[in-house]
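For reference, the structure discussed in these notes is given below.
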Amino acid sequence: MERRREKLLNAILYFAQNTKMFGVTKMMKLLFFYEFEFFKNAGFPPIGLEYYAYPKGPLPFEFWISVKDPALPLPRDIANILTRVTVNYSEEACGSIFKPKQEAEVNFEVFSKLEKKIIQDLAIKYKFTSAKDMSEISHEDGLPWSKTIENKGNYERIEYLYALGKKSLIDPHYAREATEQYTVVNDMLGNSALDTTNDIVW
């Protein structure tokens, strides 16, 4: 399995094991925070999903499409580690969350020390936080989503460089070159986080 896909699967498994109310929106928010926090410290993304500035927040659209619909089966590798469970919020409203499968284990070897720390810190910080509250946090002024809305508009791709602030220790020129190199190398190796050939479980 490609390393980027491995990181994606192990990150969502860890979040599923260590946070509450882990639905599809919370999954997307945690992935966004993980990727952009790592970029801010390292100058390149750990997975490299493409996030877009949707009105309700940052969204890795292509990955989201593969898991968003409770009426459709999950990709096989995700179904191997997570189960979708229906939750009744009231008599009129219901939704779904993801539960980790009992036998699924996180492989921390796919992460660097920094990635592991970021993932663990995020799980602690947002363990009991609702997806709605996380959306409001991701909308704060000066963060990548709001910068994209301001500079490019709705539904445009969020640049990882927007994670770098004025006091950042990462040089933007280095980050731009590192990200371009990261993309080129992974494209050459056919290394993708989006497994379009993945079987689905019916």
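Charges on Cβ only, +1 for Lys and Arg, -1 for Asp and Glu, centred on the Cα centroid of the chain; of 36, 70, 47, which one is farthest towards the dipole's positive end?
So the residue we want is 36.
Given the Cα atoms of segment 5-120, and with Rh set as the inverse mean 1/r over their pairs in the Kirkwood sense, what is Rg to Rh to two decimals? Don't jump to the answer; show the numbers that get you there.
Numbers: Rg = 14.3 Å, Rh = 14.9 Å.
Answer for segment 5-120: 0.96.
Measuring from centroid to centroid over Cα atoms, what is the spacing of segment 1-63 and segment 129-187 in Å?
Their Cα centres are 13 Å away from one another.
Which value in deg cm²/dmol, rounded to the nearest 500, describes the helix-derived mean residue ellipticity at 222 nm for the chain, given -39,500 (n - 2.57) per DSSP H run of n ≥ 4 and division by the residue count?
-14000 deg cm²/dmol
Give me the dipole magnitude in Debye, nearest 20, for the chain about the Cα centre, with unit charges on the beta carbon: positive for Lys and Arg, negative for Asp and Glu.
That gives the chain a dipole magnitude of about 480 debye.
Take the chain, connect every pair of alpha-carbon atoms lying under 10 Å apart with a spring to form a Gaussian network, then pick out the residue of 29, 167, 125 with the largest mean-square fluctuation.
167
Treating the angle as unsigned and between 0 and 90°, give the value, to the nearest 10°, between the Cα long axis of helix 113-125 and the longest Cα principal axis of the chain.
Tilt relative to the chain: about 50 degrees.
Calculate the FRET efficiency for residue 85 and residue 133 from the Cβ-Cβ distance with a Förster distance of 22 Å, rounded to the nearest 0.05.
0.55
Compute a Gaussian network model of the chain, connecting alpha carbons closer than 10 Å, and tell me which residue from 102, 17, 181 fluctuates the most.
102
Residues of the chain: accessible area per residue at 1.4 Å, in Å²?
Values: 11500 Å² over 202 residues.
Per residue, the chain has 57 Å² of solvent-accessible surface.
For the pairs 132/166; 99/147; 68/101, note any where the Cα-Cα span goes beyond 30 Å.
Violating the 30 Å Cα-Cα cut-off are 99/147.
Given a 1.4 angstrom probe, I'd like the percentage of the accessible area of segment 70-163 that is carbon and sulfur, rounded to a whole number. Walk me through the intermediate numbers first.
On the way: 2940 of 5940 Å².
With neighbouring chains kept in place, the figure for segment 70-163 is 49 percent.
Can you give the three extents of the C-alpha atoms in segment 81-151 along their principal axes, from longest to shortest, in whole Å?
Sorted from largest, the Cα extents of segment 81-151 read 43, 43, 19 Å.
Compute the long axis of helix 24-42 from its Cα atoms, compare it with the longest principal axis of the Cα atoms of the chain, and write down the angle in degrees, 0 to 90, nearest 10.
Helix 24-42 sits at roughly 30 degrees to that axis.
Would you grab the residues whose amide H sits under 5 Å from the one on residue 96? Only those 5+ places off in sequence or on another chain, please, with H modelled 1.01 Å from N.
Long-range HN contacts for residue 96: 87.
The values are calculated or read from the model by the stated rules, or taken from the named source; none is laboratory data. A quick note: this is a predicted structure, and the numbers were derived from the prediction, not measured. Methodologically, a virtual Cβ is constructed for each residue, glycine included, from the backbone with ideal geometry; neighbour enumeration extends over all protein chains shown. Calculation scope for accessible area: heavy atoms of the full protein, side chains included, ligands and nucleic acids excluded. Shrake-Rupley method; radii C 1.70, N 1.55, O 1.52, S 1.80 Å.
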